[in-house]
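Quick notes on the structure that follows.
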Amino acid sequence: MEKLAILRLFAGFPLFGLLLPDVSTFIVGRFKDISPFHIYIECFLLLFIIACTLGIAYIRKFGNNPDSQLQ
């Protein structure tokens, strides 16, 4: 579970690094000025973070049983 939490944390860094310039470009300019490649990467990172969060929740829910194989 710790590895998933660390992986989720380090997936958030590039997401915020891409979101900051895109948000400023969106505020100052037009939506067309944002690269589609950035949008694809941001969506993938967001889905990856959600998957890690769901994995952590699953491990917390079912990993506390003594007969669980998730330990």
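Where a number appears in this text, it was derived from the coordinates with a stated rule and is not lab data. The model shown is predicted, which means the values in this text are computed figures rather than measured ones. Cβ placement follows ideal geometry from the backbone for every residue including glycine, while neighbour counts extend to all protein chains displayed.
Some values worked out for this structure:
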| read-out | value |
| --- | --- |
| Relative contact order (percent, whole number), the chain, Cα cutoff 8 Å, 6+ residue spacing | 42 percent |
| Sorted by Cβ density within 10 Å, fewest first, the residues Cys52, Cys43 | Cys43, Cys52 |
| About the Cα centre, charge dipole magnitude for segment 2-61 (Lys/Arg +1, Asp/Glu -1 at Cβ), debye | 240 debye |
| Taking all pairs of distinct alpha-carbon atoms in the chain, Kirkwood radius in angstrom | 14.0 Å |
| Angle between the chain longest axis and helix 2-28 axis [Cα atoms, degrees, rounded to 10] | 20 degrees |
| Summed side-chain charge close to Phe48 - residues other than Phe48 whose Cβ falls under 15 Å, Lys, Arg +1, Asp, Glu -1 | +1 |
| Rough spin-label spacing in nm, given labels placed 7 Å along Cα→Cβ, for Lys3 and Phe31 | 4.0 nm |
| Rounded to 10°, Cα long-axis angle of helix 36-62 versus longest principal axis of the chain | 20 degrees |
| Most mobile listed residue (Gly12, Gly29, Gly55) in the chain, GNM with C-alpha springs under 10 Å | Gly29 |
| Net charge, Leu18 excluded, C-beta distance under 15 Å - Lys, Arg +1, Asp, Glu -1 | -3 |
